[in-house]
Every structure is written in C-alpha cells, then in structure tokens.
Amino acid sequence: MSSSGWWRNATIYQIYPLSFADASGDGFGDLRGIIDRLGHLAGETDSLGVDAIWLSPIYRSPMVDFGYDVADHCAVDPRFGSLQDADALIREAHWRGLRVLLDYVPNHTSDQHEWFERARGSRADRYRDWYVWGDPSPDGGPPNNWLSAFERVGRAWTFDEATGQYYLHSYTAQQPDLNWRNPAVRAAMHDVMRFWLDRGVDGFRVDAPHRLGKDELLRDNAPDVVDLRVATQLDDRRHRNLDDPVVHEYLRGLRLVTDSYPERVLIGEVGVHHPVRRRDYYGAGDELHMVFDFGFWSNPWRAEAFRRSAWDQQAVIESGGWPTHALSNHDLPRHASRYAHRTATGMDTTSRSRAAAVLLTALPGTTFLYYGEEIGMTNLDVPDERASDPDGRDPARTPMQWDFSSPAAGFSNASPWLPVPNAGPDVRSQSADPGSLLSLYRELLHLRRTHPCLQSSGYADLDTGPDVYAFRRTDGDRALLVAINFADTPRLAAIPPGWLPPNATVNLSTGARPPGGVVDLRDLVLEADEALILDIAAR
Ligand code: NOJ
C-alpha cells in the first residue's frame, strides 16, 4: 500500500443529515442546511478545521432505519433536497477544501426499492435472485436460526406469503439483504459507486461490509453463538450469517472501482469484534483503506484499555493498514454521556470529554468526530412517543445545538423531528469562549494539521503506572509527549528515567496549565482528568 493519501492523519466529521441544520423549515435537517453551516467546519478563521465530512445516507428512503433503508441509490430523499443540492454541497465543500464522503449501504436495500418490488413479485422475475430467499423449514418456520442485528427484530427472516419463501434481512424486515453472490448485484452496486464518484464524492463509509459474506448453504449458526448478534471470537466462522471469506472478493471489487478514480477512499464499518479478524478487511492493501475500531469506542474510561487499543492499532499499521479513532457515532450513546461521572457538584460530562479530545486527535491514525461532539453534546432522553428508531438510538441523534438564544437551538424554524433540550452546550457560546471544548478541538485540530510529529506515524508508549496513559509521537529528532490522567484525582506520571530529557514545555493542557510553561518530567503530576501535550527538546 502506498503511504500517500490525504485521509491519513485526516479528521473526518460525521454529519447525521436529519439533525444537522434545517434550511427548508420542515423540522428535518437537509443539504441546504449543511451548506449554510459549512463555515463551522472549514474555510474560515474560526472553523473547527476538519478535512472531510461523511454524510449518513441521503438517498431516497422510507426512513424505517433512517436512510439505511435505501429505496433509490441514485436519488436524494426529498426531505434532504435534490440531486442539484447534493452537487452544490459537493462543490461548496470542495471550495472550502473539505472532502465529501457518502455512506454506501451495500448489504441491503429498502423493501420499497424497485429491485425488491420486482423480486418479491414472482419467483420467475429476473430480480428474484438479487435477494436471499430460503424455503421454509419442515415445520414451516424460517430456513435457519439466524438473528437480526437488531434485538427487537428477532429472526432475520420474513415469510413472503405471495411467493411462499422467506427472505433474509440482517436488520429490519423492511431491509432485505442483497445477494452478493449474484454478479448482477455486484455490477449494479459498482454502478452506484460510479454514479457518486462521477459527481465528485471523495469516497464512502461502507455500511456493514462484513455482512456481505454469508454461508451459501444457509446453514444454522452454531447453537452457542445463536444469541450473539456480532462476532466476538477469533473462531467466529461459526457465525455463518456474516464474515464469510467470500466477502474479501467483494471488497476487492469495491476497491478496484474506487481506485479507478484518483484519491478516493473506503472506510468500512466492520462489525467483527476481534481485532485480528478485523485486520483482514484491509486485505493486501486491496480492500478497505480504513476500518472502524469497535474496540476503541467500546473501551471503558481506563488508561490500560486505551493503551491496549493502541497496541492493536500499531499491529494494523505494521501489517500495512491504517487505524481509525472514533468514540461516538449515530449507533452509540454519545461518549460525553458514556464517560460522564459523578462529582461533588453533580454529573461531570466535560472533563473526560476534554481528555478524550486529546486521545482522539493525538494518536496515529485518522480521527472521526460525530456532529456535536466538538461542543460536548450529551445523549438526550427522548420520550417514547417521540422515539422512532428500531434500535433505540434516538438519544444520540438529536438536533445540533447551534444557538440556544434561537428557537430549537438554531436547528430549525419548525418543530424539530427529535426534541432539543432547553439548555446545554451550543456553538455560539463556545465559539466565543477560549476555555470551551470547541476551542480545545480547534486548537487540537490545528496542532494535528501543523505538527510534524502528529503527521507521522511514530509512536511509542511509556510505562507510567496505573491511571496514566502516556506516549511519545516522534518525527525525526522532534518529539511530543502526550500524557492523560484517567483518574478523578491528581496522579504522578511516573516517566521511566532515561527515556526523556528532564524538562519539557507545555504545548497544550486540558487543565489549568498555561502553554509555554516548563515542567520537570521527573516530577510530573497531572491534574484530575488532565490531558497534556508537551514539546520534548531534542537530546
Ligand atoms: C450500520 C449503521 O451504522 C446503522 O445505523 C444501520 O442501522 C445498520 N448498519 C443497517 O444499515
């Protein structure tokens, strides 16, 4: 794999289009709204300073799974706008130096996609074999014991009365799985990629690629893995509904299409939990450029857990791949909430978010930020009557908080599709506050773009005892030392003697330490939850 690529060490910002900004005034976010807010992300002096945006699906969709049920891959859902709006967004983003990635959903379509409507119309239709069908078992039940990834859905099969067979759906019954063994499906899905690559998109976040490979004979999962909805073990070949080796052939196909355009990139949401198995999805530099790290975002707030993740990520680099760091996305509870902890004055959602910002931006790899993370948005309790997601993920998908002095926090002039809290962090107040999380992210992203040590892959961790995770980032004879205290009380960073010169200069601290100050590394005490970046003098 060549070492070039704009996406290495880049920062990619995930926009959930329904919740970012509503320009049309219908309560749903849209593409014009995103265009209006691009200045928050890039191209202006007070922009966050990200390199790319990834949009969760914008295609025509009945929104059963909020866009991950695609009814037409080559049309924009009217809630979001039109194809012309998508072209305008790509143009405006590029003008600001921002790349644009779309979500690509290869495993399934909506049941309202024309392909599925044809397929379910008759067993003889030429689209029948574009989906995965199975005969009822002898007792009339589903063909095998496979389960949907969504607990609430249960079985991964739904019976089609009209044609007397079951169809497979790895998610909701309204999301039938495509049959990737059929070359016509592969060709059609390659055309979908080309449709968008021709319009100028810079790549794709590939949804659930591990689901493309499944047992051709539709054999049962081993009984002891029936209740596991994701593969967790190295021997997860017993999960016959996913991660079948044939998937790698399909991914090589996606990569060939991608590589026929310059500087495009593929990032896969490979929901295979074992890091060694996940590494296979980079192939020999001929499959995915990057793979999301399920281990990283599942970590408890512990120094040791993140140190271990970084080892896995070093193994990714050594085997020719490139790691990613994300702590939040549209499927997870927001990490400001996950890592919140009780203090004498109430729940603290901020100090660990500040330290997490350093972790996300200072490790070697590509950083993914989820909209609102830069201001520390937390999960919002969504009352049952307003919740609509089939997997209960609404609390992490509420509208972006731009400005609490405007209606709906500046998201929309209408009543927003999901609730907005009455108060909380917002872009407007954090923009003006040098001590805010937003200001910290801006500084970190600036440092990440400009400091050679953060642009290289040089990394070594230091044994600094429990609660403190410290590592060096190096480039030639330049070095940065990053130290993070995971404890809620001060801790000594026990830097091993002989590793470093005695003194270092503060580049950035998430605590009260001013930049430029000199610290003695033989006696470095970190404040509670402090993350510190130090410049180390060449020896
Ligand atoms: C993973 C996506 O991130 C999630 O939001 C979606 O529900 C499933 N794949 C199905 O597409």
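The values are calculated or read from the model by the stated rules, or taken from the named source; none is laboratory data. Since we're looking at a predicted model, the values are computed, not measured. FYI the Cβ positions are ideal-geometry reconstructions off the backbone, even for glycines, and counts take in every protein chain you see. All accessible areas refer to the heavy atoms of the entire protein, side chains included, with ligands and DNA or RNA removed. Shrake-Rupley method; radii C 1.70, N 1.55, O 1.52, S 1.80 Å.
Structure notes:
- Residue in region 262-273 that is assigned to a helix (DSSP H, G or I) and either more than 16 Å from Pro323 (Cβ to Cβ) or not hydroxyl-bearing (Ser, Thr, Tyr) (or both) present: no
- Region 469-496, residues that are buried (at least 21 other Cβ atoms within 10 Å of the Cβ) and among the hydroxyl-bearing types (Ser, Thr, Tyr): Tyr469
- Residue pairs whose Cβ atoms lie under 7 Å apart, sitting 6 or more positions apart in sequence or on different chains, and linking a residue in region 299-327 that is assigned by TED's automatic domain parsing to the domain that holds Thr366 to a partner that is crowded, with 22+ Cβ neighbours inside 10 Å and among the charged types (D, E, K, R), are Trp301/Arg352; Ser309/Asp293; Gln313/Asp293; Pro323/Asp293; Thr324/Asp293; His325/Asp293.
- Qualifying residue in region 15-27 (condition: touching a strand residue (DSSP E or B) at 6+ places or on another chain (Cβ under 6 Å), within 26 Å of Ser457 (Cβ to Cβ) and either open to solvent by less than 10 Å² (accessible area, probe 1.4 Å) or touching a residue at least 60 places away in the same chain (Cβ under 8 Å) (or both)): no
- The residues of region 259-276 that are more than 16 Å from the ligand (Cβ to nearest atom) and surrounded by 20 or more Cβ atoms within 10 Å (Cβ to Cβ), listed by number, are Arg264, Val265, Pro275.
- Segments classed as strands (runs of 3 or more DSSP E), wholly inside region 458-528, with at least 2 members that are in contact with an Asp or Glu (Cβ under 9 Å, 6 or more places away or on another chain) and in the same structural domain as Met347 (by TED's automatic domain parsing): none
- Filter result for Ala423 (in contact (Cβ under 8 Å) with a residue 12 or more places away in the chain, more than 16 Å from the ligand (Cβ to nearest atom), among the hydrophobic types (A, V, I, L, M, F, W, C) and not in a loop (DSSP other than H, G, I, E, B)): no
- Counted residues, region 39-93 - those being away from the ligand (no atom under 16 Å from the Cβ), of a type in the set (Gly, Ala, Ser) and not in a strand (DSSP E or B): 10
- Within region 324-337, being more than 16 Å from the ligand (Cβ to nearest atom) and surrounded by fewer than 23 Cβ atoms within 10 Å (Cβ to Cβ) holds for one residue alone: Ser337.
- Qualifying residue in region 338-360 (condition: among the charged types (D, E, K, R), within 16 Å of the ligand (Cβ to nearest atom) and more than 30 Å from Ala460 (Cβ to Cβ)): no
- Filter result for Asp111 (assigned to a loop (DSSP other than H, G, I, E, B) and more than 16 Å from the ligand (Cβ to nearest atom)): no
- Search result, residues across region 137-162 that are open to solvent by 80 Å² or more (accessible area, probe 1.4 Å) and not in a strand (DSSP E or B): Pro138, Asp139, Glu151, Arg152, Glu161, Ala162
- Condition check for Leu178: in contact with a His (Cβ under 7 Å, 6 or more places away or on another chain) and of a type outside the set (Lys, Arg): yes
- Pairs with Cβ under 6 Å, 6+ apart, first in region 371-398 and open to solvent by 40 Å² or more (accessible area, probe 1.4 Å), second in a loop (DSSP other than H, G, I, E, B) and more than 16 Å from the ligand (Cβ to nearest atom): Thr378/Thr349; Arg386/Pro419
- Considering residues of region 529-539 that are buried (at least 20 other Cβ atoms within 10 Å of the Cβ) and in a strand (DSSP E or B) only, the residue farthest from the chain's Cα centre (by Cα): Ile536
- When each of Asp394, Asp384, Asp433 is tested for being within 16 Å of the ligand (Cβ to nearest atom) and not β-branched (Val, Ile, Thr), the lone residue that passes is Asp394.
- Any chance Gly134 is at pLDDT 95 or above and either at positive phi or surrounded by 23 or more Cβ atoms within 10 Å (Cβ to Cβ) (or both): no
- Elements of type strands (runs of 3 or more DSSP E) in region 329-410, at least 1 residues being touching a Pro at 6+ places or on another chain (Cβ under 8 Å) and over 16 Å from Pro300 (Cα atoms): 366-370
- Some residue of region 94-101 being open to solvent by less than 20 Å² (accessible area, probe 1.4 Å), in contact (Cβ under 8 Å) with a residue 60 or more places away in the chain, not in a loop (DSSP other than H, G, I, E, B) and not assigned by TED's automatic domain parsing to the domain that holds Arg255: no
- Within region 28-76, the residues that satisfy the criterion of being under 30 Å from Thr361 (Cα atoms) and of a type in the set (Lys, Arg) are Arg32, Arg37.
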